[in-house]
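Visitor: Quick one: the structure is below, questions incoming.
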Amino acid sequence: MTCMPLHRPRGSTRRMFLKTSAAAVGLGLVAARAPAVLGQAKEFKGVTLNGACFQHAYTNVLKEFLKEFEEKTGMRVNFETPAFPVYNQRADLDLSTRGSAWDFLNITFIYSGRWIGAGWMSSLEEFLSDRNATPPDWDAGDFVSGAQASLTDAKGTRYGFAWEAGAMIMAASRYDLIEKAGMKMPETFDQLRQVCAAVDGKDGVKAFVNDNLHHWHWPPYLMGWGGKVFANPPENLTPALDSREAVESAEYYANLLRQYSPSGALSYTMDQGALAQRTGRANLRTQAIAWLAPLATAPDSTVKTTVRFAYMPRGPAGAFPGSVSHGFGIPVGAKNKRAAWEFIKWALSKEMVRRAALEKGYIAVCRKSVIDDPQYRKNMTLNGQDLAALYLRVLEESGRLGYMKYRVVPVYPQVGDKMHKAIERIVTNQQPAREAMAQAQREAVLELKKAGIKIDA
Amino acid sequence: MALLAAVVLFPFLWLLQMSVKPTADINVFPPRLLFTPTGAHYRALWEGAFPVSLWNSTVVSATTTLLALCVGVPAAFALSRARFRHEGAIAFWILATRMAPPIAFTLPYFLIYRHLDLLDTRLGLVVIYLTFNLSLVIWMMRSFFDATPRSLDEAAWIDGASVWQGFVRVTLPLATPGITATAILCFLFSWNDFFFALILTRTRAITAPVAVVNFLNYEGWEWGKIAAGSTLVLLPVLVFSLLVRKYLVGGLTAGAVRA
Amino acid sequence: MKRALAGRRDRTYTLCLLPSLVVLAVVTLAPTVYLVATSLTPLDLTRPATALDFSQPSGNYALLLHDDRFWNSVWVQAKLSAGTVAFQLVGGLALGLLLAVRSGFVEACRTLFLIPMVLPPIVVAIMWKVLYTPDISPVHSALAALGLPIPALITHPDWALPAIVIADVWEWLPFTALMVLAALKMMPEEALEAARIDGAAGWQVLRHVVLPYLRPALLVAGLFRLIDSVKAFPLIYILTDGGPGTVTEVTNYYAFRQAFNFSYLGFSSAITLALVAAVFLLSWWLVRVVGARGDVE
């Protein structure tokens, strides 16, 4: 790492310290546990840690501060952050072989049931109960319980700690156009459609935009209509994709993309969607808050003064904004588990989470102590709107109603793919909604059979 | 003709100019044609993990080429000189190996490598690349040996040389241009592989083509880096393949057709 | 004495061939056997016990027969193969004839035209991704500036597959052109002369003399491209990911997705074996054609 002459003296004392601490650890093995402070940090000198996550605002923050961690511990960290689908595929592939390519990985929400259920992630309980590995002031209980749910199994064993509690809201990048049309932020699906019809193309701005993660975006509309993905997850996974509600909501959502979104939006990545809004080419979007808050804060945003946020619109059955959580965990095949835990502890320490929130404007934090901080609430008041309140309301509602269970069942990736393809077919007029959803249902049933899961006849 | 060439090469040239275009100019709509070239993307690649993947690509491609030549060249010689039982079946088997879809090998290799601990290792890639390189060497070299006169072998035998000595001292030196061409083609096909490396490598043995795809990030399309990485991957290919352009068709058809 | 020598020579030849056969057996035959065995199990990596479950050996194949998405992928494959092969033959023929002109300038161009074919396929895919992404594409912006804006092709249900065909034709046109060129070089001058003396016009010469002569070369080139089209991967992976919907999801890609996105390795092995069978038949045909021409053997 850094070998500048200036650091030499410190380096040599560090080496001496390492020797003594190694001896201490050796003694400790014979006698009892090594003293808490001694083994800490220096025992990882020279370790190369491999880790990965999909690229996100939070990983950007971590990368910025990574040098500090490397200097503190003497480790070298290769932290890869490819695109969301690329990351999921490569991580899944490696985990499926119990591979050792990565020491820490992100447990992607939709894969959490699959990865934890198949025994591909390590339990973190051993580290948590060891006071040397985890000092009490790290405070594992400080994490929002809703965000931890997908990272914990039925027995309460913890496999990861959340760095994002994503909460879906709605943002209009050009609220002025909506006002000009004599309307307000839509609160229902009907109003959303009316607003889109009224403002589409005004001032060269398309009314709506979203990205290509259709199996994330569409279910809130499905549930708003009163439909479901599975009959009763996790006990009964019979898909319900061909219900009347599913067909109607799919047609509704597909129409938003077909009629009111920019050309090519169907294949937009999350960032392309954000860019379309930030540059004022598209107006409304329903997506996780981490993608929408930058409309008010990003230096290159052209819509800072016209952006407006709101709760997810409701349908006949209510409002069901999506919520997710992503957390860091350790694969079972990892070679440097203890060092990986050191990284996770650092990446999700109170200090780091606070810095991400207060210095970098990262909103989707999972530590209660930060969320309750008055400074956080003040920072998250954007363009006169209390975003933190919106955010917490989503987390609370999804926790209270428990409607996100469908997303963490082990077969979700496969079934999600079927929904995704169905929405694409509807948007591009390849099939009417009824046919597309009937096909998705048939395909989903086949997938579940392959996975050996019993479903209703 | 010049116009046609320009049109045909347009996608290629556009990528090259993107690799030296400042990021601010890449994302401008409509695209800017005049800009101050920058080496920033290349510098960013150099400072990141990309050089490791280039090195992996080089090591893997060179090793598998060498192995394929060592094993395959004598076999090509034997097939050229002697008659064997089931020769037709052997020939078809070798050609079918070249024709098989990569996924047919990827699936079992992926499963077997889990147990042998060969996932994400350069050795693992070297072995799977033999599936196409060995058949390539045998087919290509066989036609080169067919073109070297048998009478020279026989003259060597009369001088008391064994078959092997005759092969090493007489035939092999004559076939040097053929071996060079074959080696370059093996190297290129290994270097160009994407599918095998995508499935069988992760971090340690990752090759350059897979590393480039990893730049397709979702926050901010790093088009400058993608273009620069692509350019680095394609440069050696361009140089080498122009050297062996005479043999390209032979290589692409695994020597089944000479052109 | 002589016979003993000949016997020793034969032994040497066998020893030369043997290592290759052993290596080939290990690196190709053994995995093929493994593939067949896997296709008889419901192997799903999330449930390791399924690896040795041979209780329903035909289970995957039965599922396959009723899998709409598989049959759709076969149909997509057929369209992609037909499109790429047809355009590459026609275009390759035209380009080959153009390049056959003897002049220093054309000779230089020949080398330039090789470039698409030798580029790493993944880089080709990235180049076309740039051209097909409206946000940064010079083609899109040029057409928009001319007042002819076009929709994003790779997300358009009617255009996504043609978009892939265009990129693939661009990449492999030089190959068919080179084969045409090689055949033309070997064409006897007398036949052309005779036709000209009979007063045949240019296109008549082309139709009645040159084309029949090129037919076998075109057939071989077409078969090679056909077999390779079954392996289409990088273009689809980078450009469309099989979409929109499953418009560009070829069989190879479907097998990839089942195996390496969802860990259904048993099921994917069955799909792959179907592919292998198809490729095998085509190769057999190819060997017969090439064999009849005398280029092989």
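The values are calculated or read from the model by the stated rules, or taken from the named source; none is laboratory data. For clarity, every value in this text was computed on a predicted model and none was experimentally measured. No Cβ is skipped: glycine too gets one built from the backbone with ideal geometry, and neighbour counts run over all protein chains shown. Surface accessibility is based on the protein's heavy atoms, side chains included, excluding ligands, DNA and RNA. Shrake-Rupley method; radii C 1.70, N 1.55, O 1.52, S 1.80 Å.
Visitor: Quick one: in the range A:406-431, which of the residues that are in contact (Cβ under 8 Å) with a residue 60 or more places away in the chain and part of a loop (DSSP other than H, G, I, E, B) is farthest from the other protein chains (Cβ to nearest Cβ)? Before the answer, list the steps.
Guide: Our first condition is that a residue be in contact (Cβ under 8 Å) with a residue 60 or more places away in the chain; within the range A:406-431, this holds for A:406-413, A:415-420, A:422-424, A:426-429.
From what is left, the residues that are part of a loop (DSSP other than H, G, I, E, B) are A:409-411, A:428-429.
Values: A:VAL409: 12, A:PRO410: 6, A:VAL411: 9, A:THR428: 4, A:ASN429: 7 Å.
Top of the filtered list is A:VAL409.
Visitor: Hey, among C:ALA49, C:ALA94, which residue is among the small types (Gly, Ala, Ser) and assigned by TED's automatic domain parsing to the domain that holds C:ALA232?
Guide: Values: C:ALA49 fails: assigned by TED's automatic domain parsing to the domain that holds C:ALA232.
Only one candidate qualifies: C:ALA94.
Visitor: Could you pull out the residue among C:LEU63, C:LEU17 that is touching a helix residue (DSSP H, G or I) at 6+ places or on another chain (Cβ under 8 Å), within 11 Å of chain B (Cβ to nearest Cβ) and surrounded by 13 or more Cβ atoms within 10 Å (Cβ to Cβ)?
Guide: One residue alone meets the criteria, C:LEU17.
Visitor: Has the range B:4-15 got any residue that is surrounded by 17 or more Cβ atoms within 10 Å (Cβ to Cβ), touching a residue at least 24 places away in the same chain (Cβ under 8 Å) and more than 25 Å from B:TRP164 (Cβ to Cβ)?
Guide: yes
Visitor: Identify, please: which residue in the range C:138-160 is more than 10 Å from chain A (Cβ to nearest Cβ) and open to solvent by less than 20 Å² (accessible area, probe 1.4 Å) and is, among those, nearest to C:VAL118 (Cα to Cα)?
Guide: C:PRO138
Visitor: Given the structure, is A:LYS155 among the charged types (D, E, K, R) and over 30 Å from A:GLU342 (Cα atoms)?
Guide: Taking the combined requirement at face value, the residue does not satisfy it.
Visitor: How many of the residues making up the range C:66-84 are open to solvent by 10 Å² or more (accessible area, probe 1.4 Å) and either assigned to a loop (DSSP other than H, G, I, E, B) or under 26 Å from A:LEU95 (Cβ atoms) (or both)?
Guide: Going through the range C:66-84 one residue at a time, the tally reaches 1.
Visitor: Return the only residue of B:THR36, B:THR58 being part of a helix (DSSP H, G or I), more than 10 Å from every other protein chain (Cβ to nearest Cβ) and either in contact (Cβ under 8 Å) with a residue 12 or more places away in the chain or surrounded by 15 or more Cβ atoms within 10 Å (Cβ to Cβ) (or both).
Guide: When all the criteria are applied, what remains is B:THR58.
Visitor: Also, I was wondering about something else. Which ranges mark the helices (runs of 4 or more DSSP H) fully within the range C:174-283 that have 3 or more residues being open to solvent by 20 Å² or more (accessible area, probe 1.4 Å) and away from chain B (no Cβ under 14 Å)?
Guide: By residue number, C:189-197, C:202-205, C:211-229.
Visitor: Considering (1) in contact (Cβ under 8 Å) with a residue 12 or more places away in the chain; (2) open to solvent by 10 Å² or more (accessible area, probe 1.4 Å), say which one A:GLU435 fails and leave the rest.
Guide: Of everything listed in (1) in contact (Cβ under 8 Å) with a residue 12 or more places away in the chain; (2) open to solvent by 10 Å² or more (accessible area, probe 1.4 Å), A:GLU435 misses just condition (1).
Visitor: I need the full set of residues from the range A:438-457 which are more than 7 Å from chain C (Cβ to nearest Cβ), open to solvent by less than 40 Å² (accessible area, probe 1.4 Å), touching a strand residue (DSSP E or B) at 6+ places or on another chain (Cβ under 8 Å) and not hydrophobic (A, V, I, L, M, F, W, C), in order please.
Guide: A:GLN441
Visitor: Quick check on my filter: what residues within the range A:215-240 are of a type outside the set (A, V, I, L, M, F, W, C), open to solvent by 30 Å² or more (accessible area, probe 1.4 Å) and in contact (Cβ under 8 Å) with a residue 40 or more places away in the chain? Lay out the reasoning, then the answer.
Guide: Taking the range A:215-240 first, the residues of a type outside the set (A, V, I, L, M, F, W, C) are A:215, A:217, A:219-221, A:224, A:226-228, A:232-236, A:238-239.
From the residues that got through so far, the ones that are open to solvent by 30 Å² or more (accessible area, probe 1.4 Å) too are A:226, A:228, A:232, A:234-236.
Matches in the range A:215-240: A:GLY226, A:LYS228, A:PRO234, A:ASN236.
Visitor: Of all residues in the range B:147-162, which are surrounded by 15 or more Cβ atoms within 10 Å (Cβ to Cβ) and in contact (Cβ under 8 Å) with a residue 60 or more places away in the chain? Even if it seems obvious, please write down each step before you answer.
Guide: First, pick out the residues of the range B:147-162 that are surrounded by 15 or more Cβ atoms within 10 Å (Cβ to Cβ): B:148, B:153, B:156-157, B:161.
Scanning the range B:147-162 gives a single hit, B:ASP153.
Visitor: Please determine, by comparing only the residues of the range B:92-117 that are more than 8 Å from chain C (Cβ to nearest Cβ) and surrounded by fewer than 20 Cβ atoms within 10 Å (Cβ to Cβ), which one is farthest from B:ALA205 (Cα to Cα).
Guide: The selected residue is B:HIS115.
Visitor: Would you pick out the residues in the range A:89-107 that are out of contact with any Cys (no Cβ under 6 Å at 6 or more places or on another chain) and more than 13 Å from chain B (Cβ to nearest Cβ)?
Guide: Correct list: A:ILE107 only.
Visitor: Let me ask something else. Scan the range C:121-137 residue by residue and report those that are within 7 Å of chain B (Cβ to nearest Cβ) and either closer than 26 Å to B:ALA197 by Cα or part of a helix (DSSP H, G or I) (or both). Talk me through it step by step, then tell me what you get.
Guide: Initially, the range C:121-137 is screened for residues within 7 Å of chain B (Cβ to nearest Cβ), giving C:121-123, C:126-128, C:130-131, C:135-136.
Scanning the range C:121-137 gives C:PRO121, C:ILE122, C:VAL123, C:ILE126, C:MET127, C:TRP128, C:VAL130, C:LEU131.
Visitor: Hey, any hits in the range A:71-88 for a residue that's open to solvent by 10 Å² or more (accessible area, probe 1.4 Å), more than 14 Å from chain B (Cβ to nearest Cβ) and assigned to a loop (DSSP other than H, G, I, E, B)?
Guide: So far as the range A:71-88 goes, yes, one or more of its residues are open to solvent by 10 Å² or more (accessible area, probe 1.4 Å), more than 14 Å from chain B (Cβ to nearest Cβ) and assigned to a loop (DSSP other than H, G, I, E, B).
Visitor: Sort through B:LEU125, B:LEU172, B:LEU130, B:LEU134 and tell me the only one that's in a helix (DSSP H, G or I), open to solvent by 30 Å² or more (accessible area, probe 1.4 Å) and modelled with pLDDT of 85 or more.
Guide: B:LEU172
Conditions (1) closer than 30 Å to A:PHE44 by Cα; (2) modelled with pLDDT of 95 or more, marked per residue:
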residue: A:ALA296; (1), (2): no, no
residue: A:SER301; (1), (2): no, no
residue: A:ALA310; (1), (2): no, yes
residue: A:ARG314; (1), (2): no, yes
residue: A:ALA317; (1), (2): no, yes
residue: A:SER323; (1), (2): no, no
residue: A:GLY327; (1), (2): yes, yes
residue: A:VAL332; (1), (2): yes, yes
residue: A:ALA340; (1), (2): yes, yes
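Visitor: Out of the residues in the range B:175-212 that are hydroxyl-bearing (Ser, Thr, Tyr) and part of a helix (DSSP H, G or I), which is nearest to the other protein chains (Cβ to nearest Cβ)?
Guide: In the first step, residues of the range B:175-212 are kept if they are hydroxyl-bearing (Ser, Thr, Tyr); the result is B:176, B:180, B:182, B:190, B:201, B:203, B:207.
Checking the rest, the ones that are also part of a helix (DSSP H, G or I) come to B:176, B:180, B:182, B:190.
On the way: B:THR176: 18, B:THR180: 17, B:THR182: 14, B:SER190: 11 Å.
Within the range B:175-212, the match that is nearest to the other protein chains (Cβ to nearest Cβ) is B:SER190.
Visitor: Kindly indicate whether C:ARG110 is under 30 Å from C:PHE260 (Cα atoms) and among the basic types (Lys, Arg).
Guide: So C:ARG110 does not fit the description; no.
Visitor: Return the pairs, sorted by first residue and then second, in which the second residue is open to solvent by 10 Å² or more (accessible area, probe 1.4 Å) and part of a helix (DSSP H, G or I), the first residue lies in the range B:113-134 and is touching a residue at least 24 places away in the same chain (Cβ under 8 Å) and among the charged types (D, E, K, R), the beta carbons are less than 7 Å apart, and the residues are 6+ apart or on different chains.
Guide: B:ARG122/B:VAL59
Visitor: If you don't mind, another one. Is one or more of the residues making up the range C:44-62 within 30 Å of C:ILE166 (Cα to Cα), part of a loop (DSSP other than H, G, I, E, B) and either among the aliphatic types (A, V, I, L, M) or out of contact with any His (no Cβ under 8 Å at 6 or more places or on another chain) (or both)?
Guide: The first filter runs over the range C:44-62 and keeps only residues within 30 Å of C:ILE166 (Cα to Cα), leaving none.
Checked against the condition, which is being within 30 Å of C:ILE166 (Cα to Cα), part of a loop (DSSP other than H, G, I, E, B) and either among the aliphatic types (A, V, I, L, M) or out of contact with any His (no Cβ under 8 Å at 6 or more places or on another chain) (or both), the range C:44-62 yields no hits at all.
Visitor: Can you name the residue in the range B:71-91 that is assigned to a helix (DSSP H, G or I) and surrounded by fewer than 18 Cβ atoms within 10 Å (Cβ to Cβ) and, of all such residues, is farthest from the other protein chains (Cβ to nearest Cβ)?
Guide: The selected residue is B:ALA89.
Visitor: Examine the range C:108-116 for a residue that is without any contact (Cβ under 8 Å) to a residue 24 or more places away in the chain and more than 24 Å from the chain's Cα centre (by Cα), and state whether such a residue exists.
Guide: Yes, the range C:108-116 contains at least one residue that is without any contact (Cβ under 8 Å) to a residue 24 or more places away in the chain and more than 24 Å from the chain's Cα centre (by Cα).
Visitor: Could you please give the count of residues in the range A:276-319 that are of a type in the set (Asp, Glu) and open to solvent by less than 10 Å² (accessible area, probe 1.4 Å)? Step through it out loud before you land on a result.
Guide: Start the filter on the range A:276-319 by keeping residues that are of a type in the set (Asp, Glu), which leaves A:300.
If we keep only those that are open to solvent by less than 10 Å² (accessible area, probe 1.4 Å) as well, we get none.
Counting residues in the range A:276-319 that are of a type in the set (Asp, Glu) and open to solvent by less than 10 Å² (accessible area, probe 1.4 Å) gives 0.
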